[in-house]
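Below is one structure; the comments refer to it alone.
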Amino acid sequence: MASDFGEAEAQEPRFVPLADIDPGDERFRISTRRESGDLLASIRRFGLRVPPLLTPAGSGFIIVSGFRRVSACRQLGWDSTAARVLPTDSAYACALMAVAENSLERPLNLIETSRALNLLEQTAPEGQTTDPDASALGLPTHPNVTGRLKRVCRLPSDIQDGILEDTISFAMACELDRLDDDLGVTFACLFRRLKPSLNKQREIVSLVLEIAVRENIHPRQVLEECGLTPSMGRSEPDRNQEIHVLRRRLRQRRFPALVAAEHNFLALRQRLRLSAGLQLTPPRDF
């Protein structure tokens with residue numbers, strides 16, 4: 001890694017015309033943030049304190065790190081900007097710098113970690129990132145973890161948005177990844193609207209899939225018949241109450257005999273007319 005970083009050591013900042021920087025080439029982009037409004041006031045008042053990192057490409061330059069800074073400079077109407085230019089044409093060396101400028105400055109979210117792992121793999125010699133490189137950049141190295149993480153940035157945008165909102169965890173994203181894209185997106189939209197806990201998300205997914213298998217229908221049909229599609233109930237009711245109602249509907253459909261037995265027990269218990277202070281509580285799923 002040291003030799004790669006040596007190749008990628010940027011020269012002293014120099015002024016580069018913004019017209020020479022290709023804004024559409026995002027091959028080295030790691031950050032999920034795109035808006036640069038928060039940078040405008042800072043750059044306007046204090047200047048560009050950390051110049052973006054560029055590398056030559058064709059007759060101009062592409063961005064290695066600093067996409068939002070370059071965008072802010074364009075919005076401010078600048079003709080040129082100070083920039084650090086990498087002298088290397090090694091894609092892997094540029095990728096190492098792109099990841100380093102992000103991961104060593106702040107914690108990466110799941111999407112950014114996935115992008116970083118994929119970028120290093122795509123540009124590494126023989127397609128194999130070395131563990132010392134990944135470890136020095138603060139990235140995971142265990143094959144089981146990295147294999148699942150690399151898929152995260154390829155998930156449908158609705159699932160990725162749920163991850164960024166902290167509505168969908170890494171564990172649930174991996175479960176949704178095993179479903180058809182349309183079904184995974186339907187669940188993701190539902191969870192983003194209702195924000196149930198991970199355990200309740202797992203319960204809903206499991207019940208829907210089990211009902212679909214038993215009744216030989218598509219899981220989406222189960223969702224529609226139980227009123228679980230995100231297009232329904234947009235009046236923003238109490239989320240906890242709606243989650244409770246939806247889980248009860250699914251459980252009644254999945255375990256009709258068990259639910260009937262529970263209702264029968266409740267009716268019999270009521271007939272006992274127990275005195276105050278006495279309770280008769282059966283174990284769950286007795």
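The set of residues from the stretch 68-112 being farther than 30 Å from Q128 by Cβ and of a type in the set (F, W, Y) comprises just one member, W78.
Could you tell me whether any residue of the stretch 116-133 is open to solvent by 40 Å² or more (accessible area, probe 1.4 Å), farther than 24 Å from P52 by Cβ and within 20 Å of the chain's Cα centre (by Cα)? Steps first, please.
Let us first name the residues in the stretch 116-133 that are open to solvent by 40 Å² or more (accessible area, probe 1.4 Å), namely 121-122, 125-126, 128, 130-132.
Subset that is farther than 24 Å from P52 by Cβ: 121, 125-126, 128, 130-132.
This time we only want the ones that are within 20 Å of the chain's Cα centre (by Cα), so: 121.
Yes, that holds for at least one residue.
Yes or no, residue by residue, for (1) out of contact with any strand residue (DSSP E or B) (no Cβ under 7 Å at 6 or more places or on another chain); (2) modelled with pLDDT under 95; (3) part of a helix (DSSP H, G or I):
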site: E9; (1), (2), (3): yes, yes, no
site: G24; (1), (2), (3): yes, yes, no
site: R29; (1), (2), (3): yes, no, no
site: R45; (1), (2), (3): yes, yes, yes
site: R49; (1), (2), (3): yes, yes, no
site: L54; (1), (2), (3): no, no, no
site: I63; (1), (2), (3): no, no, no
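Residue under question is A100, and the condition is that it be open to solvent by less than 40 Å² (accessible area, probe 1.4 Å), small (G, A, S) and out of contact with any Pro (no Cβ under 6 Å at 6 or more places or on another chain); does it hold? When the stated conditions are applied, A100 passes them.
A Cβ distance below 8 Å, combined with a sequence gap of six or more or placement on separate chains, defines the contacts here; from the stretch 150-161, residues that are open to solvent by 30 Å² or more (accessible area, probe 1.4 Å) reach residues that are among the basic types (K, R) and part of a helix (DSSP H, G or I) in the pairs C153/R115; D158/R192; D161/R192.
In the stretch 42-89, of all residues being among the hydroxyl-bearing types (S, T, Y) and either crowded, with 16+ Cβ neighbours inside 10 Å or under 26 Å from the mean Cα position of the chain (by Cα) (or both), the one that is nearest to I111 (Cα to Cα) corresponds to S65.
On the basis of being closer than 18 Å to I30 by Cα and open to solvent by 20 Å² or more (accessible area, probe 1.4 Å), does N109 make the cut? Against the criterion (closer than 18 Å to I30 by Cα and open to solvent by 20 Å² or more (accessible area, probe 1.4 Å)), N109 qualifies.
Close Cβ contacts (under 7 Å, 6 or more residues apart or on different chains) running from residues in the stretch 38-63 that are farther than 11 Å from V85 by Cβ to residues that are surrounded by fewer than 13 Cβ atoms within 10 Å (Cβ to Cβ) and of a type outside the set (A, V, I, L, M) are absent.
The values are calculated or read from the model by the stated rules, or taken from the named source; none is laboratory data. All values derive from a computational prediction rather than experimental measurement. Because the Cβ atoms are built from the backbone with ideal geometry, glycine has one as well, and the counts that use them run over all protein chains shown. Keep in mind that these areas ignore ligands, DNA and RNA; they rest on the heavy atoms of the full protein, side chains included. Shrake-Rupley method; radii C 1.70, N 1.55, O 1.52, S 1.80 Å.
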